[in-house]
Amino acid sequence: MGKALIIGAGGVASVVVHKCCQNPDVFEEICIASRTVSKCEDLKNKLAGGRTIIHTAQLDADNTDEVIELIKSFGPDVVINVALPYQDLTIMDACLATGVHYVDTANYEPLDTPKFEYKWQWAYKEKFEKAGITALLGSGFDPGVTGVFTAYAQKHYFDEIHTIDIVDANAGDHGYAFATNFNPEINIREITAKGRYFENGEWIETEPLSEKKVYDLPEIGPKDIYLLYHEELESLAVNIKGVKKIRFWMTFSQNYLNHLNVLQNVGMTSIEPIIYEGKEIVPLQFLKAILPDPASLGPRTKGKTNIGCIIQGTKDGKPKTYYVYNVCVHEECYAEVGSQAISYTTGVPAMIGAMLIIKGIWKKPGVYNVEEFDPDPFMEALNKHGLPWQEDFSPTLLD
Ligand code: NDP
């Protein structure tokens, strides 16, 4: 039925590749293209022999012309960008030049300033409309499934949504003193940035990790959760009409925070280049090089994740509350695709977004966030492809 070009060959890409190969009726052919081609070859060797035909290519996705050339020679229906946020715009430019649909899991960030904003990608809306192609932004778990959960709540349970609290908990243990569950550079940039949430039409800024609560999560138990800014807050504030308050919370262990504090205090998380033995290096990029590769955490990580949305609003003039969440087990993800649950919960929705585009179910010219489409086919696909969700109509609320 379709062909997908998958850019990137890291933790998330590995899950996307596995999931595409599990659905050969939709993904007849894929090409895995990344900076380090040996990683693409390793993935191909693991999965060869199934019905999906796998190609590989060496690609520097910072170079639009290289991406255009590869798209022209492979001829995909859709490009799944699971490289890094820095490559979003060059890949979108290449999709525009070749008339191919685009899917990603993280908003564009300039390399020198951690700025979590959709403005650069939303600026492509008219160009994508004119070219008759779809760009689906943020089709991971958060952003991604959290937007679909919210759209589903809006469609089926609420007349008005007033408050959304997204809670992302990882109770997994990988046994290392300190490691990040996805790309360390992107992860640490996100966590060390100022917190921000939306209330009554305004953005309220908080000091990094300064707002903490305890929340008792289904199947995981009580955890410390910290307020962070997360990119889906921006699109949900625009797309969920009438919403008054949106916050994002993430769990961190005290051990993780102690390590992060020390690393920050000694300047290891800085993105300002320094000269070391005559060579310019960026401390955070050096730190990434010495931390465990997230793709290697799979066999060591035990425990569960729980990510969901706690929503308050009204239905038929009466107050209503709703909690929708997915629980994922690290060991089960590893047994199925050789990855831990963070890569799994991101890679499955990326595959689903691309599948809905190839099938023509989620296809409209322009640039869209996931909550702007009909959530039902995506929710159905989550249950079918490894991320089943559960509902609670009287959850504990966050004050
Ligand atoms: P990894 O670092 O494991 O993988 C990134 C891959 O991209 C690597 O294979 C890397 O190549 C490749 N790459 C980097 N730069 C280029 C380039 N210029 N050209 C071609 N390939 C390049 O990251 P993850 O798999 O952990 O994360 C992938 C994406 O998923 C990130 O954007 C991250 O923000 C996003 N994400 C989204 C989540 C969500 O829920 N929405 C959750 C978690 C992650 P090389 O091997 O040479 O370094």
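Side notes on the structure shown:
- Residue tally, condition more than 13 Å from Asp168 (Cβ to Cβ) and touching a residue at least 12 places away in the same chain (Cβ under 8 Å), over segment 194-228: 19
- Segments classed as strands (runs of 3 or more DSSP E), wholly inside segment 263-338, with at least 2 members that are surrounded by 18 or more Cβ atoms within 10 Å (Cβ to Cβ): 304-315, 318-329
- Yes/no for Lys288 being touching a helix residue (DSSP H, G or I) at 6+ places or on another chain (Cβ under 9 Å) and either without any contact (Cβ under 8 Å) to a residue 60 or more places away in the chain or within 30 Å of Leu263 (Cβ to Cβ) (or both): yes
- Lys44 without any contact (Cβ under 8 Å) to a residue 24 or more places away in the chain and more than 12 Å from the ligand (Cβ to nearest atom): yes
- Qualifying residue in segment 78-91 (condition: surrounded by 17 or more Cβ atoms within 10 Å (Cβ to Cβ) and touching a Lys or Arg at 6+ places or on another chain (Cβ under 9 Å)): yes
- Scanning segment 139-170 for residues that are assigned to a strand (DSSP E or B), away from the ligand (no atom under 16 Å from the Cβ) and either closer than 27 Å to Ile186 by Cα or without any contact (Cβ under 8 Å) to a residue 60 or more places away in the chain (or both) gives Ile164, Asp165.
- Of the criteria (1) on the phi > 0 side of the Ramachandran plot; (2) in a strand (DSSP E or B), which one Tyr226 fails: (1)
- Beta carbons closer than 9 Å, at least 6 apart along the sequence or on distinct chains, pair a first residue in segment 373-388 that is without any contact (Cβ under 8 Å) to a residue 60 or more places away in the chain with a second that is part of a loop (DSSP other than H, G, I, E, B) and among the β-branched types (Val, Ile, Thr) for Pro377/Ile361.
- Within segment 98-129, the set of residues being away from the ligand (no atom under 16 Å from the Cβ), surrounded by 14 or more Cβ atoms within 10 Å (Cβ to Cβ) and assigned to a helix (DSSP H, G or I) comprises Thr98, Trp122, Lys125, Lys127, Phe128, Glu129.
- Per this entry, Leu96 is counted among residues that are at pLDDT 95 or above and over 30 Å from Leu398 (Cα atoms).
- Failed item in (1) at pLDDT 95 or above; (2) more than 14 Å from the ligand (Cβ to nearest atom), with Leu136 passing the rest: (2)
- Set side by side, the residues Ile133, Ile91 differ, and just one is closer than 22 Å to Val348 by Cβ and in contact with a strand residue (DSSP E or B) (Cβ under 8 Å, 6 or more places away or on another chain), which is Ile91.
The values are calculated or read from the model by the stated rules, or taken from the named source; none is laboratory data. Quantities reported herein were computed from a predicted structural model and do not represent experimental measurements. FYI the Cβ positions are ideal-geometry reconstructions off the backbone, even for glycines, and counts take in every protein chain you see.
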